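**Q** Handing you a structure now.
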Amino acid sequence: LDNCLVDNSSATVYPIDHGLILPDTANRLRFDWKHLIQSKHPFSENSLRFISNIDVNKDIKTLKQAGITSKQALTRVQLSTLLLKKAAAKGLTAYQIADLMLSKNQHSNTTFFEDTICKKIIKDGEDADRVLSQVVEDYIRLN
C-alpha cells in the first residue's frame with residue numbers, strides 16, 4: 001500500500017494515509033487499509049477504550065496550533081471522530097466504518113459522509129448526535 005510506518009523494534013506496521021488528509025470537503029475519501037484483513041476484525045477492548053477516550057476538542061486545538069485553520073476541515077475532523085466513536089461503540093469494525101463513510105449515493109459522485117452526514121449537520125443544521133446515531137443504526141440494520 002506504500003502508506004505504512006514500520007517500527008523495527010517491535011516489528012509493528014502502522015498504516016497511514018497522506019493522500020487526502022484534512023480535506024475541506026470529503027468528496028474523495030480513500031481508506032487504502034480497508035482491504036487489509038485486520039480491518040475486518042473487531043476492535044480490541046484496549047482500542048475501544050482508546051477510541052472512547054479521544055478528546056476531539058483537544059485534537060482540534062492541537063491541529064489549530066499546528067496551523068490547520070480551515071473551518072471546513074476541522075468540522076469534518078470533528079464529525080468523523082464522533083462517527084468513529086459511535087460506530088466503534090456499536091461494534092462496527094474499521095472496515096464497516098470505512099464502508100459506511102464511502103458508500104456512494106446513486107444520484108451523487110460524492111461520499112455518503114459528505115453528501116449525507118455533513119450536509120444534514122453542516123448545511124441543514126440537524127443535530128449531530130442524532131444524525132450520527134441514526135446513520136450508525138441504519139447501517140447496522142441494513143448490513
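The values are calculated or read from the model by the stated rules, or taken from the named source; none is laboratory data. Since we're looking at a predicted model, the values are computed, not measured. Neighbour counts run over all protein chains shown; Cβ positions are idealised from the backbone, glycine included. These accessible areas exclude ligands, DNA and RNA; they are computed on the full protein's heavy atoms, side chains included. Shrake-Rupley method; radii C 1.70, N 1.55, O 1.52, S 1.80 Å.
**Q** At R0 = 22 Å, how high is the FRET efficiency between residue 130 and residue 51 if r is their beta carbon distance? Nearest 0.05 is fine.
**A** About 0.60, to the nearest 0.05.
**Q** Tell me the mean residue ellipticity at 222 nm calculated for the chain from its helices only (DSSP H runs of n ≥ 4, each -39500 (n - 2.57), averaged over every residue, nearest 500).
**A** Values: 5 runs with 61 residues, N = 143.
For the chain, the value works out to -13500 deg cm²/dmol.
**Q** Could you give each residue of the range 62-71 its phi-based ³J(HN,Hα) in whole Hz, using Karplus coefficients 6.51, -1.76, 1.60 with θ = phi - 60°, and x for Gly or Pro?
**A** So the J values, rounded to whole Hz, are 4, 4, 4, 5, 7, x, 7, 10, 5, 4.
**Q** Sticking with this one: Could you state the accessible area per residue of the chain in Å², with a 1.4 Å probe and every protein chain left in place?
**A** Numbers: 9350 Å² over 143 residues.
Per-residue accessible area for the chain comes out at 65 Å².
**Q** Show me 85-93, 23-31 ranked by packing, highest mean number of other Cβ atoms within 10 Å first. Walk me through the intermediate numbers first.
**A** Numbers: 85-93: 17.6, 23-31: 16.0.
Peptide ranking by packing, descending: 85-93, 23-31.
**Q** What shape does the chain take by its C-alpha gyration tensor, where a ≥ b ≥ c are the square roots of the eigenvalues and a/c under 1.5 counts as rounded, a/b above b/c as prolate, and the rest as oblate?
**A** Because its axes are fairly even, with a/c under 1.5, the chain counts as rounded.
**Q** On the protein heavy atoms, probe 1.4 angstrom, tell me the percent of accessible surface of the chain carried by carbon and sulfur.
**A** Here carbon and sulfur together make up 52 percent of the probe-accessible area.
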